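Below: one structure, written as structure tokens.
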Amino acid sequence: MPQSRTRRSGVLAAAVGSVLAVLSPWQAQAAHLSDLPSVTARAETAALYDDEEGGNADADDPAIWRNAADPGRSLVVATAKEGGLRVYDLDAREVQSIPAPAGPGADDAPGRFNNVDLVQGLRFSTGRADLAVTSDRGNDRLRFYRIDRDRPGGPLRDVTDPAVAPVFSADQAEVNEQRTAYGLATWTDRSTGRSYALVSRRETTRVALLEILPTASGTVTYRTVRTLDLPSSFRLPNGTSWSPCAEPGELPQVEGMVVDPANGILYAGQEDVGIWRLRADLTGTPVLVDKVREYGVPGRYDEETEECAPGADPGFGGDRLTADVEGLTLVHEPDGDGYLLASSQGDDTFAAYDREIGDANEYEGGFRVTAADAVLDGSEECDGAAALNAPLGSRYPNGLLVVQDGHANPEDGERDATGFKFVDLGEVLDALDD
């Protein structure tokens, strides 16, 4: 049975806590983490509730759309899983809610929007348009929404071709097993002008490259170009073989992904392994940029508790990321430099790496998003993140960072609440430069 976000987080916290309790290197690292600088949010979205009353809405992944004509009227598009899509203004107020489509039959899996990204200037027969693209994990498809800030009824309009096929599944029975489209990143190849989506498959190591194709009727479809399977087993320096502990049959999946448009490089977060760097066209050899702390730690899966009991740490993991490694986003700077930001979900921190490959994506520092006051809390167990280093009117003249909060300050403490925090990107860059 697939783990819920809450149970999976609980399992992970228990495992991390067990390791921290017995391993002094982890305790030393915990002391180091306490020295990371903090930034606070300026705004937060209304809490989403993952229950029947709340429409099974669970905040996951954001994308920032810049309104070139009026940057102060830019938008944040975010996924809410079974709750569909939410669109927010820069005050974090909801301006549109789009439901996820139902499954084709009453007994089929419902739509579930997992990750979202943007395509700018896709060429249609009537001209160019910007799109929001989301992975519909429930139906194993991509969905496309044309963005028009001033359209009556809301800025997003569904332009998905009705005939789009499942990304990975052969039929509806396989779709219902939910090894479906999961993580997502878009990419436009500057040499050809063609736009693509990189899509990962849930509970596997597979990533697919899909070309995004506008149709003559104004809808959007896609075709699979190629797929690539990242490793699921790793040779450790002591000569042993290691795979992350998981429920039988599950492999270490990828979710957070981002493509650097300047060089066509994909960064992919394999949740229980680390961050990979590879060509966005899925050719060449992937390089592991950094590993999670739990890398190499043996584990035993308990069928009764549905938890992994960790063994002794052999010391082969990294020291900046605590599983899961989640939302990846890029910060571009005018001189061509910048950062790759990664959510270290297991310890509520964010890690920053040099964007330049020539510097081997070296670690540049980290930070936390902490509470601004008793009402505006910070970000915990962050899933998705999005950064835009461009002026966005008077609210965010230095750019914006949006991060998911896995434990939004709830109005009702009995309900699981999630949401998104809006952070001044200038404060983040200042924290990393200190």
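The values are calculated or read from the model by the stated rules, or taken from the named source; none is laboratory data. Bear in mind that the values here come from a model prediction, so they are computed numbers and not experimental data. Every residue, glycine among them, receives a Cβ derived from its backbone with ideal geometry; neighbour counts consider all protein chains shown. Quick note on the areas: whole protein, heavy atoms, side chains included, nothing else; ligands and nucleic acids left out. Shrake-Rupley method; radii C 1.70, N 1.55, O 1.52, S 1.80 Å.
Listed options for Cα extents along the principal axes in Å are (i) 62, 49, 49; (ii) 70, 49, 37; (iii) 55, 44, 32. The value calculated from this structure is the one marked (i). Placing unit charges on the Cβ atoms only, positive for Lys and Arg and negative for Asp and Glu, gives the stretch 276-434 a dipole magnitude near 560 debye about its Cα centre. Mean residue ellipticity, 222 nm, helices only, the chain: the sum of -39500 (n - 2.57) across DSSP H runs of n ≥ 4, divided by residue count and rounded to 500, is -3000 deg cm²/dmol.
Label the stretch 310-434 by shape, choosing from rounded, prolate and oblate, from the square roots a ≥ b ≥ c of the eigenvalues of the Cα gyration tensor; if a/c is under 1.5 it is rounded, and otherwise prolate applies when a/b is larger than b/c, oblate when it is not. Oblate.
Phi angles of the stretch 303-313 translate, via the Karplus equation with coefficients 6.51, -1.76, 1.60 and θ = phi - 60°, into HN-Hα couplings of 4, 6, 8, 6, 10, 9, 9, x, x, 6, 7 Hz per residue; Gly and Pro are given as x. Projecting the Cα positions of GLY384, SER394, ALA431 onto the charge dipole of the stretch 383-434 (unit charges on Cβ atoms of Lys, Arg, Asp and Glu, taken about the Cα centre) puts SER394 furthest along the positive direction. When the square roots of the Cα gyration tensor eigenvalues are ordered a ≥ b ≥ c, the ratio a/c for the stretch 87-134 is 1.5 or more and a/b does not exceed b/c, which makes its shape oblate. Backbone amide hydrogens, once placed in the peptide plane, bring GLY365 within less than 5 Å of ALA352, excluding anything fewer than 5 places away on its chain.
Two tests apply to each whole DSSP H helix in the chain, Cα reach of 18 Å or more along its axis and mean Kyte-Doolittle hydropathy of at least -1.0, and the ones passing both are 5-22.
Applying a 4.7 Å Cβ-Cβ cutoff to the chain leaves CYS382 as cysteine residues with no disulfide-compatible partner. Each Lys and Arg adds +1 at its Cβ and each Asp and Glu adds -1 at its Cβ; summed about the Cα centre, the stretch 217-359 shows a dipole of about 740 debye. Heavy atoms of the protein chains alone define the surface here; on that basis the chain has 40 Å² accessible area per residue at 1.4 Å probe size.
Distance between the 7 Å Cα→Cβ label points at THR370 and ARG190: 3.9 nm. On full extension, the segment bounded by ASP91 and ASP148 gains 18.6 nm, given 0.36 nm per residue less the C-alpha separation.
Derived scalar couplings between HN and Hα for the stretch 364-381 equal 10, x, x, 7, 10, 9, 10, 5, 7, 6, 5, 9, 8, 7, x, 10, 10, 6 Hz in order, rounded to whole Hz, by the Karplus curve 6.51 cos²θ - 1.76 cosθ + 1.60 (θ = phi - 60°), x for Gly and Pro.
To the nearest Å, what is the center-to-center distance of the stretch 63-140 and the stretch 188-225, using C-alpha atoms only? Their Cα centres are 16 Å away from one another.
Multiplying the residue separation of THR227 and ARG300 by 0.36 nm and removing their Cα-Cα distance gives an extension gain of 23.2 nm.
The magnitude of the dipole of the chain, with charges of +1 and -1 set on the Cβ of Lys/Arg and Asp/Glu and taken from the Cα centre, is near 1760 debye. Taking 0.36 nm per residue of separation and subtracting the current Cα-Cα distance, fully stretching the chain between ASP158 and ASP430 would add 94.0 nm.
Think of the stretch 233-381 as having a plus end and a minus end, set by charges on the Cβ of Lys, Arg, Asp and Glu; of THR349, GLY317, VAL287, VAL287 sits farthest toward the positive end of this dipole.
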